[in-house]
Each structure stands twice: as structure tokens, then as C-alpha cells.
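Have a look at the structure below before the remarks.
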Amino acid sequence: MSAHQKVAIVTGASQGLGAATVAGLLTQGYRVVATSRTIPVSDDPNIATVAGDIGDRETAERVMATALARFGRVDTLVNNAGIFIAKPFTDYTEEDYARVLATNLAGFYHITQLAIARMVAQGGGHVVQITTSLVEHANSNVPSVLASLTKGGLNAATRSLAIEYASRGVRVNAVSPGIIKTPMHDPSTHEWLGKQHPVGHMGEAADIVNAILYLDSAPFVTGEILHVDGGQSAGH
Ligand SMILES: NC(=O)c1ccc[n+]([C@@H]2O[C@H](COP(=O)([O-])OP(=O)(O)OC[C@H]3O[C@@H](n4cnc5c(N)ncnc54)[C@H](OP(=O)(O)O)[C@@H]3O)[C@@H](O)[C@H]2O)c1
């Protein structure tokens, strides 16, 4: 930890990887702004919560305003909020398309723009996206082009922003998970999903949280897509 108590924003923080990330950051002494549509108020003085749809710029503005009012700065942004709709390409509806782009792309764009402006003014910061290894190993058993379209865009934007801001102290990285045990996946599917990984099993939320904590403490790492995927991106 640096001299000051670090402040992190975590999107999609009500459950799954986002909730686990909030818990992991708290154990490391961070103060956290946790946001999602349904997130409840917290009585923990180290947590501020903001309820809202992260695809709306107004939510991003409230999250930033809350971070500054409660904790005075923003050191880390974890862009975790995301939805996954797996379907054959021609079955996607216009509503599917709009929902996935709003959450996965607009939900990244607005809060990241506001956070990086603040980080530059502070002299530094770190942004980390949660993407997916499906981007690099399309799986005929899991057709999901909207995930590739949006999370692939986030991988590209990660490298682009890392280079744009490298000289101004802002690092930008991504964690690319395999399939992780969260409420996103019904337990009845776990055995089959585990077999989609070379290591033969699914990942745990802690695997992703540990990767985020590593990237946040790695000043020489930027523009990295860190695969935490049981070998998926390496091959089959
Ligand atoms: N689990 C996996 O196997 C896996 C694999 C690869 C990548 N990922 C990525 O990891 C991230 C977290 O996944 P997860 O498994 O933890 O998912 P999850 O259990 O479904 O949780 C998703 C979180 O995002 C929030 N959210 C969804 N839509 C939102 C919106 N429009 N505005 C604000 N918040 C929204 C949800 O909260 P509310 O309902 O309260 O809004 C929830 O907290 C996602 O980006 C996902 O694509 C997951």
C-alpha cells in the first residue's frame, strides 16, 4: 500500500466477481465505492454504495461524485459490470444487442472517461477491465458473438488507453477469465463448464480477485491482458 489509503471503484459489485473484489480490496485496506443497479446501502465506513445502471452516464457521474465526496480521490477503477448472453448469432434480438452494448461498452466508457480524467489530475491511477477468454478461443459449444464484440473491444481499448496514458501515470490492464463459479452459472452446469478448460475445472472468484490485486500492485505492468482461464487461451 502507498502512504495514503487507496480508493477503488468497483462496478457490478452486488454479487459474483464484483462482490468478491470489494471484499478482497477491503482486506487490503482500500476504501471502496461499490455500484450496481440493486446494491444496498452499507453501514461499513470504508464502503460507499451507488445504485444505478452503469450504462447511463448519470450513474457514472454519481459514482465519481460519491468517491470524491466520501473519500477524496480515486486510485483504482475495476470495470467488472457485464452481462453474457450466449445464442446463435442469428437468434440475437435487437434488445439483446442494445442491452449487451449498454452494459459492457457504455458501462465501461462513461465511468472510465471520468475516472481517468481524475487520475491524470491526481498524478496517477489504475483501470482494470474484466473481459473473457472466449474472445481468443471461440467455442462452437458456446456461441456468443456479443461477448466477443464487446469484451474484445475492451481488450483493444485496454491496450489503446494504456499507451495513451502511460506517460501520465495511469496504467490500464484487463483480467481475462475462463468460466468462474458465480451466480452467472447455475450449479447444474458446472461439471460441463469445467470440461471447457484444459485444467478440467472452473475457476473460483478468488482467482480473479487475486489477479486484480496483483495488477493493482504492479507499477511496471500496463496494457496487459492477464489470462486467468485454466489454460483456455493457450489451447485445447
Ligand atoms: N463468471 C464467469 O464465468 C465470467 C467469465 C468471463 C467473464 N466474466 C465477466 O466478469 C464480470 C462479472 O461476472 P459475474 O460472473 O460476477 O456476473 P454476475 O454474477 O451476473 O454479476 C454481474 C454484476 O453486474 C451487475 N450489473 C449487471 N448489469 C448491470 C447494469 N446494467 N448496470 C450496473 N450493474 C450491472 C449486477 O448487479 P445488479 O443486478 O445489481 O445491477 C452484478 O453485480 C462480467 O463482466 C462478466 O462478463 C465472468
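Within segment 60-81, being within 15 Å of the ligand (Cβ to nearest atom), charged (D, E, K, R) and either surrounded by 16 or more Cβ atoms within 10 Å (Cβ to Cβ) or at pLDDT below 95 (or both) holds for one residue alone: R62.
I need the full set of residues from segment 114-149 which are among the small types (G, A, S), within 12 Å of the ligand (Cβ to nearest atom) and in contact with a Gly (Cβ under 9 Å, 6 or more places away or on another chain), in order please.
Taking segment 114-149 first, the residues among the small types (G, A, S) are 115, 117, 121, 123-125, 133, 138, 140, 144, 147-148.
Among the residues that remain, those that are also within 12 Å of the ligand (Cβ to nearest atom) are: 133, 144, 147-148.
Selection gives S133, A147.
Before we move on, is I111 in a loop (DSSP other than H, G, I, E, B), touching a residue at least 12 places away in the same chain (Cβ under 8 Å) and within 13 Å of the ligand (Cβ to nearest atom)? In short, no.
Evaluation of L105 against the conditions (1) crowded, with 17+ Cβ neighbours inside 10 Å; (2) in contact with a strand residue (DSSP E or B) (Cβ under 8 Å, 6 or more places away or on another chain); (3) farther than 21 Å from I179 by Cβ shows that the sole unmet condition is (2).
Which is within 25 Å of I179 (Cβ to Cβ) and basic (K, R), of R99, R73?
Numbers: R73 fails: within 25 Å of I179 (Cβ to Cβ).
Just one listed residue meets the conditions, R99.
When each of R171, R159 is tested for being at pLDDT 95 or above and surrounded by fewer than 22 Cβ atoms within 10 Å (Cβ to Cβ), the lone residue that passes is R159.
For every residue, the table says whether it meets (1) near the ligand (Cβ under 10 Å from one of its atoms); (2) under 14 Å from the mean Cα position of the chain (by Cα); (3) small (G, A, S).
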| site | (1), (2), (3) |
| --- | --- |
| R159 | no, no, no |
| G169 | no, no, yes |
| V172 | no, yes, no |
| M184 | yes, no, no |
| T189 | no, no, no |
| G194 | no, no, yes |
| H197 | no, no, no |
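For segment 184-206, state whether one or more residues are within 17 Å of I130 (Cα to Cα) and in a helix (DSSP H, G or I). Working first, answer last.
Residues of segment 184-206 within 17 Å of I130 (Cα to Cα): 184-185, 202-206.
Still in the running and in a helix (DSSP H, G or I): 205-206.
Checked against the condition, which is being within 17 Å of I130 (Cα to Cα) and in a helix (DSSP H, G or I), segment 184-206 yields at least one hit.
Selection of strands (runs of 3 or more DSSP E) fully inside segment 1-59 by the criterion of at least 3 residues being within 15 Å of the ligand (Cβ to nearest atom) and surrounded by fewer than 23 Cβ atoms within 10 Å (Cβ to Cβ) returns 47-51. May I ask you to verify whether V120 is surrounded by fewer than 16 Cβ atoms within 10 Å (Cβ to Cβ), of a type in the set (V, I, T) and either touching a residue at least 60 places away in the same chain (Cβ under 8 Å) or assigned to a helix (DSSP H, G or I) (or both)? Answer is yes for this residue.
Every residue, every condition in (1) within 19 Å of G55 (Cβ to Cβ); (2) among the hydroxyl-bearing types (S, T, Y); (3) buried (at least 18 other Cβ atoms within 10 Å of the Cβ), yes or no:
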| site | (1), (2), (3) |
| --- | --- |
| A138 | no, no, no |
| P177 | no, no, yes |
| T182 | no, yes, yes |
| D186 | no, no, no |
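Of all residues in segment 126-177, those that are of a type in the set (D, E) and out of contact with any helix residue (DSSP H, G or I) (no Cβ under 8 Å at 6 or more places or on another chain) total 1. Scanning segment 194-210 for residues that are surrounded by 16 or more Cβ atoms within 10 Å (Cβ to Cβ) and within 15 Å of L17 (Cβ to Cβ) yields M202, G203, A205, D207, I208, V209.
The values are calculated or read from the model by the stated rules, or taken from the named source; none is laboratory data. Computed from a predicted structure; not experimentally measured. Cβ: placed from backbone, ideal geometry, glycine included. Neighbour counts: every protein chain shown.
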